[in-house]
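As structure tokens, the structure follows; a few thoughts come after it.
The values are calculated or read from the model by the stated rules, or taken from the named source; none is laboratory data. As the structure is a prediction and not an experimental result, all values here were calculated from the model. Glycine gets a Cβ as well: all are built from the backbone with ideal geometry, and neighbour counts include every protein chain shown. Just the protein is used for accessible areas: all its heavy atoms, side chains included, with ligands, DNA and RNA removed. Shrake-Rupley method; radii C 1.70, N 1.55, O 1.52, S 1.80 Å.
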Amino acid sequence: MRPVTMLDQAMFAHQFDPPRQDSLSGVFRRYKLAVSHSVSVEEHVAGIGIPSWSEGRTAASQDAAVVKTMMAQGASLIGQLQMDPLGVSITGFNPFYAELRNPHFRQYRVGGVNAGIAVAVAKKLADLGIGNDAFGGVRIPAAHCGLFGYRPTPNLIDTQGIISVAETFDNVGVCSAALGPLSQFQELVAKPSSAVTNIQGVVIAEAVFALFYSDEAMAQVYQHLERLSLPQESTLAMNTLVLSRLENAQVSIASQEFLLMYGTWLQQAKLDLPTSTQQYLDRLQAVDYKAHYQAKKTRKQLRDTVCAMWPSDKVLLLPSTPGAILPRDADASDSDAFNLSQRRLMALAEVCGLPQLTIPLFEHQNTPYGVTLLAHPYKDKLLMEVARRWLD
């Protein structure tokens, strides 16, 4: 690990110097851990990316459950790191704190919500980054920074001590620069999940790739797939219409849950929020209770429909970003289109309750490209095994 610079310190909400280590033994004793500001740490105030929200709130009496588990296994905690305001933005830009820069792709966005942990991991200040993965909060910045990102099957990891964004979609997410630490995390923390008995192959969502990846980028995807010695097939059943329907359902379900927690405070605070954040809030506020109730009612039907698109002994392959990530100075129209497509790619796992693993694959025209693997519920080990066979 390299030393922390003054610029690095700007992304910390709280920094432990030296890193806090509760146990000198355990499987994570060589790993440094970074957590989002929304993850409770004993004797410190958690937050939602807005300083005024944290003011006057009491410090946590104990670590979040996932932090407690990691620390008991020897992990060293470097601190709580910056996140996007309210936990719903996906740009990695927070006007209330110092601007974060993408460590490997300096002219491009970091991606959000939990931008700070992704930057810390990409800068090798930490081996693992943990945050609330609602709305792609960990997977998106991981993909933007060329990292692995993992969202477990819901309820495999205790979310106690994680500040909620929307109860239905709250889940612990973790990112790392390598597959090994994520695989260990899945095996020891995100359990129990079904054992891998037979892997039948990979199903490629060809229609989605065709929309977002250029022919040159797609050729590189297929070149990498040649290294995966598993049967491969394409499907047109998973397409942008399906993803759009799922993302609309996510907005409808999240609306009442988010506003119940933050609606009154937002009215009183009268914040000047980034445009992308305010636009998403407007979408949440436009949903009436009837639409919210209907979306919750049809959620299981949506999951059953999606899971029928590929068998449980295979994984589904999608892009991790809608093409090349955006430069920091992208114009509003490009940003709006990218953000909506990015939300659609992430909503699939969240609405359907599926485990997801994003994998950095290659660079094309100086930007990172990756893929994301999805499996049926509780098939988390299948994701890790396919990735291991592919990358080893």
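Test of understanding: in a Gaussian network model of the chain with alpha carbons linked when under 10 Å, which of LEU33, LEU156, LEU373 would top the mean-square fluctuation ranking?
Among LEU33, LEU156, LEU373, the largest mean-square fluctuation in the Gaussian network model of the chain belongs to LEU156.
Tell me whether the stretch 1-154 comes out rounded, prolate or oblate; compute the Cα gyration tensor, take square roots of the eigenvalues as a ≥ b ≥ c, and use a/c under 1.5 as the rounded threshold.
Working: a/c = 1.41, a/b = 1.18, b/c = 1.19.
Here the stretch 1-154 falls in the rounded category.
In a GNM of the chain with a 10 Å cut-off on Cα contacts, which of GLN279, GLN268, GLN301 has the highest mean-square fluctuation?
GLN268
What's the carbon and sulfur percent of the chain's accessible surface, probe 1.4 angstrom, rounded to a whole number?
49
Over the chain, with a Gaussian network built from C-alpha contacts below 10 Å, which listed residue (GLY146, GLY370, GLY201) shows the highest mean-square fluctuation?
Evaluated over the chain, the most mobile residue of the options is GLY201.
Within the chain, which is the longest segment that contains none of the trypsin sites (Lys or Arg not before Pro) sitting in a DSSP loop with at most 13 other Cβ atoms within 10 Å? Please report the intermediate quantities before stating the final value.
Values: sites that count: ARG29, ARG30, ARG57, ARG106, LYS124, ARG227, LYS270.
The answer is 271-392.
Which GluC sites (Glu not before Pro) does the stretch 195-238 hold that lie in a coil by DSSP with at most 15 other beta carbons within 10 Å?
GLU226
How many nm separate the modelled label positions at GLN279 and ASN198, each set 7 Å beyond the Cα in the direction of the Cβ?
4.7
Just to verify a number: FRET efficiency for GLU206 and ALA178, C-beta to C-beta distance, R0 = 25 Å, to 0.05?
0.30
Go ahead and collect, in residue order, the members of the stretch 238-281 whose backbone nitrogen is under 19 Å from a label point 7 Å along the Cα-Cβ direction of LYS297.
The answer is 246, 248-257, whose backbone nitrogens lie closer than 19 Å to the label point.
Using label points projected 7 Å from each Cα along Cα→Cβ, tell me how many nm separate ALA10 and ALA98, to one decimal.
Going by the 7 Å Cα→Cβ label model, 0.5 nm.
Once you sort the root eigenvalues of the Cα gyration tensor of the stretch 271-390 as a ≥ b ≥ c, which label holds: rounded (a/c under 1.5), prolate (a/b larger than b/c) or oblate (the other case)?
On the way: a/c = 2.91, a/b = 1.12, b/c = 2.60.
Oblate, because a/c is 1.5 or more while a/b does not exceed b/c.
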